[in-house]
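For reference, the structure discussed in these notes is given below.
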Amino acid sequence: MRQHRDDVNRSDQDCPSEHSGRRYYLPAGLPAPAADGPAAEFWAAARRHELVVQRCPRCRTWQWGPEHICHHCHSFDLTYERVSPRGTVYSWERSWYSVHPALQQAVPYLTVLVELPQAGGVRMVGNLLGDPLQMVGIGAEVEAVFEDHHDADPPFTLVQWRMLDQPL
Amino acid sequence: MKGTCVTTDRTLRGRTAVVGIGQTRYYKRGASPDPEFKMVLEAILLACRDAGIGVEEIDGFTSFSNDRNDPPRIAAALGLPELRHSTMVWGGGGGGGSGAVANAAAAVAAGLAETVVVFRGLAQGQFRRYGQGVRTGRAAGAEAFTAPYGVLSPAQGFAMRVRRFMWQHDITQNALRAVALTSYAHAQRNPRAVMYGRPLTAVAYDASRWIVEPFHLYDCCLENDGAAAVIVTSAERARRTRQKPAYILAALQGSGYRQAATAHNAPDYATSNFKALAPRLYAAAGVGPADVDVLQCYENFTGGVMMSIVEHGFCRPDEVNEFFTPENFSFEGGNLPLNTSGGNLAECYMHGLGLIIEAVRQVRGTSCCQVPGAKVSMVVSGPMVQPVSSSIYCAEPTP
Ligand SMILES: [Zn+2]
């Protein structure tokens, strides 16, 4: 088992631009995440290439997406906890029809729903890097890849995913 | 999460009925020559005429899906003497369709109003299209966790729920195809249907392009312009109107535990969101799935129909591959006649109010695809959204 920090470094090396020939998995021009409200800390952590999930310090419940209140004990004092950037594919979809001008040349593309067992089984939506026509197995292990959009204003970082058992 | 029991003496069973139905001509998206508000007024007048009720007798309105046409304006435009009731079911899509019927029935049963119109107007050509994604530069709130990843349209929002359900139960694409073929087959007998005269074959379905796997083009609802309305009044009054009443045995809305959790985090994910509601519905109506003669099930996407039919107890998840055939869903001898007007896929996408109208026609015996002797007629509104709703209609006030 690799150390946490090693995973993050490896993700850095395997940035999407090196394997796909395009800068980002999906082209620029899609809506950028508004890094405010209870989600601000998540997006700030993504800029540092860290994966964090909301957690209630009082009852230890994990929670995602971010809320103002713990759905279990109703505490308003929620914090974020760093988690290993690993998960399993819970479901997936392959989009063939462009629903946004920025996506005209980007179809087909893969979206995965990734379950994080180490964070109470919360799930995150992201793109699955690599061949958009690849077979996707539910239950397959994936690792986070932090996709920096440095040139955006303001800059942001998306959390993408890659199969662990497949070379990119 | 344990549900409380709805006691019999507090149900709506048989206390109200649908006595009038009205629908404008259905147009392809953007093709309506009339503004949405005008179409709503037209649908209401048609429903009154159908019922043999004077327009001035209307004293309440209910709607859903944040309908843009607000009741005080409608009442003013129609010159109604007094508006006594108006309610909106929150939530998008068609999830509130049967919920709006529930609000109308509850208002009448509780004496808040006498004659309530349930309506929906849609002119997608005049406003934002549902099938297109958000276009803003910044994705705020829950959308920040989906839109930047290219998950922007309703189809993309639901595909992963359906994919997970199909994976869990080894369900093949043929199950979804059966739902699409059924709607198109029934639409060929319905001159009002947008897809009338445009039949669909299994070969054409298989060859059609993907929108987002597991949805082909024909798994997705239409986008249309039009308006529809139904009139709800008391059972006593219903007996004195022109049409055979469709008594409302039950109409309920709701949502399961944290189903609206954002970023695809509903704890129970691969669901149409009817697991909590369906038992309440049957208990309130005093019937079970075996008593239902004909079903209108909202097809935003065929996968939602699949999970809804399972969650309303018509078949088990491991029976879907066998149960989902066009023959089994046919009005001619099928075990569960389904979407007999062509539904949202092939008649018109009126956010499911067309399905409620068709359920009433089945009770009256006037459907283009009439199920012989249909007595108990059911509607499932808006699977996979929050809230969802269902309703059951009957030729008699008690089943
Ligand atoms: Zn808590």
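For the protein assembly as shown, count the residues as N, evaluate 2.2 N^0.38 Å, and divide the Cα radius of gyration by that value, please.
Dividing the Cα radius of gyration by 2.2 N^0.38 Å gives 1.00.
What ³J(HN,Hα) values, in whole Hz, does the Karplus curve 6.51 cos²θ - 1.76 cosθ + 1.60 give for segment B:59-71 when θ = phi - 60°, with x put for Gly and Pro?
3J(HN,Hα) across segment B:59-71, in whole Hz: 9, x, 9, 9, 8, 7, 6, 6, 3, 6, 9, 7, x.
Just to be sure I understand: if I project the alpha-carbon convex hull of segment A:78-168 onto a plane and average over all orientations, what area do I get in nm²?
The number I arrive at for segment A:78-168 is 7.4 nm².
Please rank B:Phe119, B:Phe314, fewest neighbouring Cβ atoms within 10 Å first, as an exposure proxy.
So the ranking, lowest neighbour count to highest, is B:Phe314, B:Phe119.
Do any chymotrypsin sites (Phe, Trp or Tyr not before Pro) in segment B:174-236 lie in a DSSP loop with no more than 11 other beta carbon atoms within 10 Å, and if so, which?
Answer by residue number: there is no such site.
Could you list which residues have their amide H under 5 Å from that of B:Ala139, counting only those 5 or more apart in sequence or on another chain, with H placed in the peptide plane?
When sequence neighbours closer than 5 places are left aside, the close amide H contacts are A:Ala32, A:Ala34.
Where a ≥ b ≥ c are the square roots of the eigenvalues of the C-alpha gyration tensor, would you call segment B:164-246 rounded, which needs a/c under 1.5, or, failing that, prolate if a/b is larger than b/c, or oblate?
Cα axes put segment B:164-246 in the prolate bin.
Given the options B:Gln362, B:Gln296, B:Gln124, which has the most mean-square fluctuation in a GNM of chain B, springs set between C-alpha atoms less than 10 angstrom apart?
Looking only at B:Gln362, B:Gln296, B:Gln124, the biggest GNM fluctuation is shown by B:Gln124.
Can you pull out the GluC sites (Glu not before Pro) in segment B:280-334 whose DSSP state is coil and whose Cβ has at most 14 other Cβ atoms within 10 Å?
B:Glu327, B:Glu332
What trypsin sites (Lys or Arg not before Pro) does segment B:237-336 have in DSSP loop regions with at most 15 other beta carbons within 10 Å?
B:Arg239, B:Arg240, B:Arg242, B:Arg258
When the expected Rg is taken as 2.2 N^0.38 Å, what fraction or multiple of it is the alpha-carbon Rg of segment A:56-124?
Normalised Rg, Cα atoms only: 1.49.
Based on the alpha-carbon set only, what is the convex hull volume of chain B divided per residue, in Å³?
Cα convex hull per residue, to the nearest whole number: 131 Å³.
Can you tell me what share of the DSSP beta bridges in chain B is antiparallel? A percent to the nearest 5 is fine.
Antiparallel bridges: around 75 percent, rounded to the nearest 5.
For the protein assembly as shown, what does the helix formula give at 222 nm: sum of -39500 (n - 2.57) over DSSP H segments with n ≥ 4, over the residue count, nearest 500 deg cm²/dmol?
-7000 deg cm²/dmol
Across 10 Å bins from the origin, how do the percents of Cα pairs in segment B:56-194 run, short distances first?
10, 24, 29, 25, 11, 1
Give me the Debye-computed log₁₀ of I(q)/I(0) at q = 0.13 Å⁻¹ for chain A, equal point scatterers on Cα only, no solvent, two decimals.
-0.65
In what sequence, highest mean first, do B:344-357, A:106-119, B:149-162 appear when ranked by Cβ atoms within 10 angstrom?
B:344-357, B:149-162, A:106-119
Quantify how strongly other chains surround peptide B:256-269 by giving the mean number of their Cβ atoms within 10 Å of each of its Cβ atoms.
4
Determine which aspartates and glutamates satisfy two conditions relative to B:Lys38: a Cα distance under 17 Å, and not lying fewer than 8 residues away in the same chain.
Here the aspartates and glutamates satisfying the reach criterion relative to B:Lys38 are B:Asp67, B:Asp70, B:Asp225.
Could you give each residue of segment A:106-113 its phi-based ³J(HN,Hα) in whole Hz, using Karplus coefficients 6.51, -1.76, 1.60 with θ = phi - 60°, and x for Gly or Pro?
Rounded to whole hertz, the list is 9, 7, x, 9, 10, 10, 10, 10.
Which residues make up the longest stretch of chain A clear of trypsin sites (Lys or Arg not before Pro) that lie in a DSSP loop with no more than 16 other Cβ atoms within 10 Å, not counting the sites?
A:61-168
Among A:Trp96, A:Trp62, A:Trp43, which one moves the most in a GNM of chain A with springs linking Cα atoms closer than 10 Å?
Of the options given, A:Trp96 has the highest mean-square fluctuation.
About its Cα centre, what dipole magnitude does segment A:34-163 give when the only charges are +1 on Lys and Arg Cβ and -1 on Asp and Glu Cβ, stated in debye to the nearest 20?
With only Lys, Arg, Asp and Glu charged at Cβ, the dipole is about 380 debye.
Just to check I understand the Karplus step: with θ = phi - 60° and J = 6.51 cos²θ - 1.76 cosθ + 1.60, what whole-Hz values come out for segment A:66-81, glycine and proline as x?
x, 10, 7, 9, 6, 6, 8, 10, 6, 6, 8, 8, 8, 10, 10, 10
Each reported figure results from applying straightforward, stated rules to the coordinates on display, with no laboratory input. Since this is a predicted model, take the numbers as computed values, not measurements. No Cβ is skipped: glycine too gets one built from the backbone with ideal geometry, and neighbour counts run over all protein chains shown.
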